[in-house]
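Each remark here refers to the structure printed beneath this line.
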Amino acid sequence: MMRIIARTQTRIQFRVALVVMAIAMCGVVARAQAPQPQKPKDSWPDMPTYGIFTPEELKRDFVTMRFAKPLDRPELGFSVMVPMTWDEVPLRISKEEAAKDDEGMISLTLLKGKEPGVRIEVAYCRVPQNIDVEKWARAYLDGNGLTILRYQIGDFSDRRVFDTLVRMQGFLMRMTFSRHGDKIYLVSGSAPEAAYKAWARHLGVAAVSFRTLK
């Protein structure tokens, strides 16, 4: 179900200007070469990846939510596993906003936990075929003022991912990017920094379990 091929930890924020984000939409973004990451033996406690819950716990406490036609578009369909007691927050995305899916992330679903500030969001952006998901994701994170604390590269549920842990304004967020044709999907699980440890496994299940329906 999941395979990590490389990961590393960094506190260096890549200084890509906002204008580079626009370039990333239609070309290749240059960046400094990062140190070669080491192949992991275990997942980090704050980015759990392997055996997060037992099969019995998953069956008892989680549900696979299937979104067949988000934004009334079946080609965007996906599924994701989330805690059974969480609530879906209604989204209002206008047709005008949805038509600009090549300019930025468009939210497809938002689910919130019982503790304030704990949530899972799935979004997507349409990109040119020649854009590398890691380069695009780095530019996106930097353009939004997000500092990468850790990252790993590998395969979750038959999809190649660039999986990150970032910090922003008192929150920790696990942001998992994957490419599917001309779309990049983002599964983002966040919690207040003080509460993140208690929810890291729940957010990890969403990051690992996401699948497109096509």
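Each residue in Glu121, Glu57 was given a count of other beta-carbon atoms within 10 angstrom of its own, and listing them fewest first yields Glu57, Glu121.
Near Asp182, once Lys and Arg are set to +1 and Asp and Glu to -1 for all other residues with Cβ below 11 Å from its Cβ, the sum equals 0.
The range 147-191 and the range 74-143 have their alpha-carbon centroids 11 Å apart.
Taking 25 Å as the limit for the C-alpha separation, the pairs Lys114/Lys197; Lys114/Lys183; Lys59/Lys135; Lys69/Lys197; Lys112/Lys197 exceed it in the case of Lys114/Lys183; Lys59/Lys135; Lys69/Lys197.
From least to most packed, judged by other beta carbons within 10 angstrom and beginning with the fewest, Ile148, Ile153, Ile120, Ile93 follow the order Ile93, Ile153, Ile148, Ile120.
Each value in this text was obtained by applying a stated rule to the coordinates, not by laboratory testing. Everything numeric here is computed off the predicted structure, so don't read it as measured data. Because the Cβ atoms are built from the backbone with ideal geometry, glycine has one as well, and the counts that use them run over all protein chains shown.
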